[in-house]
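One structure is given here, and the rest of the page talks about it.
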Amino acid sequence: MLTRDTAAFLAFARSCPPDFGRATAKAAFLVAPDGFGLAAESASDNRYMAEAAAFDAALASAQHRQLQRALSTELPVICFAGDPATPDAVFPNNVFATAPGRSIIGRMRHPVRRREATRSDIRRFFSDTLGYDEIDLSTQPHVCELTGALVIDRARGLGYCGLSERCDEAGARLMHDAFGLRATLMFDLAPGEYHTNVVLAVLAGRAAMICADGFADPAVVDTIAAGYAPHAIPLTPVERAAFAGNAIALGPGTVWMSATAVHALSSSTRAALASAGFAVRSVTLDAIEAAGGSLRCCVGELY
């Protein structure tokens, strides 16, 4: 099922048991922020990006190394070298993703990011080292920025795809098919939002953090909340702006987000995460956040 019909999606989703696959990744991959700096093309539709003067490449590199060390306490994490010609490559989850037995290469909106998809070393890691079949969407015309645009409940095989300049309906269908999902709900993001994973996080298939102001239609928010009740956790605009929605569960009882996000969490959000069985862990990433993304954007998942 691929639909905009919230009622139909919710009815179907409620029939889906958590037997689709692993709820969280078995390993993760990162791309180092070599050449880190303002990418003007990306800044044209990413309101979270800072001005060029705010970019500190050395600090971003140090914080990224700390991110790898921290995440490695929970699961294996590898890091590919960066490339000065691809200043946004620190956010690889938009370009590369996996499902059991296959890798998926996304189609990026901006040419500066399309260069990332040509990385033969990352492609060969998936195909030659892991033995994954490759699904290459990067050369077709429809924008589909993978797990930036598409938030996936891996346990139940459900997708939540926000449409914007970074993903159109045809791109949503391509991703739905590539990931082999049971059902995907398509919806418009609010004006000014570029990626779904900034305003929605599904945590280990049993909870959702939802920034209502990031969605164009309140009915979509209500639908997602109903699907994860009683662990649908609303986030305020202040929490959204601090990247609290850009979180990820890398194990059954841990949610990772940046220190900026943790500092912004309300007491009610903290209590709701604890009630859902999640301990919060964080890493300082303010230098990387200047590029308009946060912790979840840095993490590519291996399934």
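Return Leu285, Leu137 ranked ascending by Cβ neighbour count within 10 Å, so the fewest neighbours appear first.
Exposure proxy ranking, most exposed first: Leu137, Leu285.
Which shape class applies to the range 212-269: rounded if a/c is under 1.5, otherwise prolate when a/b exceeds b/c and oblate if not, where a ≥ b ≥ c are the square roots of the Cα gyration tensor eigenvalues?
oblate
Which percentage, to the nearest 5, of the DSSP beta bridges contained in the chain is antiparallel? Provide the component values of the computation, followed by the final result.
Values: 22 of 47 bridges.
Once the DSSP bridges in the chain are tallied, antiparallel ones form about 45 percent.
Quick check: from the Cα gyration tensor, does the range 151-303 come out rounded (a/c under 1.5), prolate or oblate?
The shape class here is rounded.
With Cα extents along the principal axes in Å defined as stated, name the option among (i) 74, 54, 32; (ii) 47, 41, 36; (iii) 59, 45, 37 computed from the structure displayed.
(ii)
Using 7 Å Cα-to-Cβ label points, what is the Asp133/Ala53 separation (nm, one decimal)?
Between Asp133 and Ala53, the simple spin-label model gives 5.3 nm.
Residues in the range 264-303 near a label at Val238, defined as backbone nitrogen under 18 Å from the 7 Å Cα→Cβ point?
Inside the label zone: 264-273.
At 7 Å along Cα-to-Cβ for each site, give me the label-to-label distance between Glu169 and Arg22 in nm.
Calculated label separation equals 3.5 nm.
Hey, how many Å between the Cα centroid of the range 189-235 and the Cα centroid of the range 245-303?
Centre-to-centre distance over Cα atoms comes out at 15 Å.
Let me know the shape class of the range 120-178, please: from the alpha-carbon gyration tensor, a ≥ b ≥ c as square roots of the eigenvalues, rounded when a/c is under 1.5, otherwise prolate if a/b is greater than b/c, or oblate.
Oblate, because a/c is 1.5 or more while a/b does not exceed b/c.
We did not get these values from a lab; they are worked out from the coordinates using the rules stated. Keep in mind that this is a model prediction, so the values were computed, not measured. Every residue, glycine as well, gets a Cβ built from its backbone with ideal geometry; the counts of neighbours run over all protein chains shown.
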